[in-house]
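The values are calculated or read from the model by the stated rules, or taken from the named source; none is laboratory data. None of these values were measured; they are calculated from a predicted model. With ideal geometry, Cβ positions are generated from the backbone for all residues, glycine too; neighbour counts draw on all protein chains shown. Keep in mind that these areas ignore ligands, DNA and RNA; they rest on the heavy atoms of the full protein, side chains included. Shrake-Rupley method; radii C 1.70, N 1.55, O 1.52, S 1.80 Å.
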Amino acid sequence: RTRQKTQVQFTRANIYTRDQYTCQYCKVQHRSEDLTFDHVLPVAQGGRRTWENILTCCIECNRKKGSRTPEEAEMPLLRRPTRPKYSPVFRVTAGIHKTPDSWNNFLYWNTKLDNDVGV
C-alpha cells in the first residue's frame with residue numbers, strides 16, 4: 001500500500017519552519033514576531049508568491065533589501081528557497097470556519113497564503 005502524498009500547505013508557519021526561523025540574509029535566528037517573508041525576485045520585477053521565491057527574513061533586512069534582488073542589494077542568501085518535501089508543521093482543518101476569536105493569532109500563522117496555481 002502506498003502512502004498518499006499531500007502537498008505542504010504554503011503558510012507563514014511552514015515558511016518560517018522550513019527556514020528554521022532564520023533570516024536568509026543576515027543568517028540570524030529570530031523570534032517569529034521579528035520575522036516576515038520576502039520575495040527573492042521582488043513583485044515589482046515580476047516575482048511571484050511561490051515556495052521557490054519566498055523566504056524568511058528579519059524586518060531590518062527586509063527594509064534594507066527593499067524592491068531589489070539579493071544581488072542588486074548585495075545581500076547573499078543563506079540558501080535558495082525550495083518547496084518542502086514533507087509538512088514541517090501540522091495543519092488545522094476541521095471546523096476552521098467556526099473557531100473562537102482567541103484562536104485568530106495562532107491561525108494567522110497556519111492560514112494558506114495566496115499563491116500561484118499548483119503551489
### Task
Write out, first by first residue and then by second, each pair whose Cβ atoms fall under 8 Å of each other, whose residues are 6+ apart or on separate chains, and whose first residue, in region 34-51, is closer than 12 Å to residue 67 by Cβ while the second is in a strand (DSSP E or B) and hydroxyl-bearing (Ser, Thr, Tyr).
38/56
### Task
Under 7 Å between Cβ atoms, at least 6 apart or on separate chains: pull out the pairs that start in region 56-84 with a residue that is within 18 Å of residue 34 (Cα to Cα) and end on any residue that is open to solvent by 20 Å² or more (accessible area, probe 1.4 Å) and assigned to a helix (DSSP H, G or I).
58/34; 59/34
### Query
Given (1) under 10 Å from the mean Cα position of the chain (by Cα); (2) at pLDDT 95 or above, where does residue 30 come up short, assuming only one miss?
(1)
### Task
Taking the residues in region 2-27 that are β-branched (Val, Ile, Thr) and under 14 Å from the mean Cα position of the chain (by Cα) as candidates, determine which candidate is surrounded by the most Cβ atoms within 10 Å (Cβ to Cβ).
15
### Task
Among the residues of region 37-58, write down those that are assigned to a helix (DSSP H, G or I) and either touching a strand residue (DSSP E or B) at 6+ places or on another chain (Cβ under 6 Å) or not hydrophobic (A, V, I, L, M, F, W, C) (or both).
45
### Task
For residues that are under 21 Å from residue 11 (Cβ atoms) and open to solvent by 20 Å² or more (accessible area, probe 1.4 Å), tally how many sit in region 37-49.
6
#### Entry: Any hit, region 78-93, residues being at pLDDT below 95 and in a helix (DSSP H, G or I)
no
### Residues located in region 64-81, provided they are open to solvent by 80 Å² or more (accessible area, probe 1.4 Å) and under 17 Å from the mean Cα position of the chain (by Cα)
79, 80
